[in-house]
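A short reminder: the numbers here are calculations on the coordinates, not readings from a lab. Note that this is a predicted model, so its numbers are computed, not measured. Glycine gets a Cβ as well: all are built from the backbone with ideal geometry, and neighbour counts include every protein chain shown.
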Amino acid sequence: MRRRRNGARPEPDRRPYEDNTHFAGEYTSEVAQGYMEGGAGSGVRAADEVLVDLGVTPAG
Ligand SMILES: Cc1cc2nc3c(=O)[nH]c(=O)nc-3n(C[C@H](O)[C@H](O)[C@H](O)COP(=O)(O)OP(=O)(O)OC[C@H]3O[C@@H](n4cnc5c(N)ncnc54)[C@H](O)[C@@H]3O)c2cc1C
């Protein structure tokens with residue numbers, strides 16, 4: 001991901017692609033971009049999105 005000239009990271013695009021591909025990774029985090037916490041949290045978010053798509057209630 002390219003940084004803008006002012007050093008800020010661009011707003012990540014988290015929209016599901018074709019409704020059945022979900023993106024995770026620290027760069028998609030709203031709260032901890034660039035950190036382990038962001039990567040882990042985004043994995044949980046993407047897994048929940050997949051479960052919802054499958055009609056399964058996410059845990060927790
Ligand atoms: C030197 C360094 C020090 C850091 N120190 C800290 C720290 O102290 N604290 C902190 O919170 N964060 C730290 N970070 C940031 C942290 O490592 C990342 O934010 C975190 O690892 C991101 O997790 P992720 O799962 O999003 O991506 P990654 O951990 O990068 O995982 C992505 C995985 O996808 C794999 N992959 C890529 N392309 C493909 C492909 N085409 N097919 C299959 N697999 C693929 C990669 O091999 C990799 O295993 C540090 C980063 C670096 C580089």
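Counting neighbouring Cβ atoms within 10 Å and putting the fewest first, the residues R45, R15, R9 line up as R15, R9, R45. Each residue of region 24-38 was assigned a 3J(HN,Hα) from its phi angle through the Karplus curve 6.51 cos²θ - 1.76 cosθ + 1.60 (θ = phi - 60°); the sequence is 9, x, 3, 5, 8, 6, 8, 10, 8, 5, x, 10, 3, 4, x Hz, with glycine and proline shown as x. Ordering 34-42, 46-54 by mean Cβ neighbour count within 10 Å, with the highest value first, yields 34-42, 46-54.
Segment V31..E18, full-extension length gain: 2.2 nm, with 0.36 nm per residue of separation and the alpha-carbon distance subtracted. Calculated FRET efficiency, V56 to A8, Cβ-Cβ distance, R0 = 35 Å: about 0.45 to the nearest 0.05.
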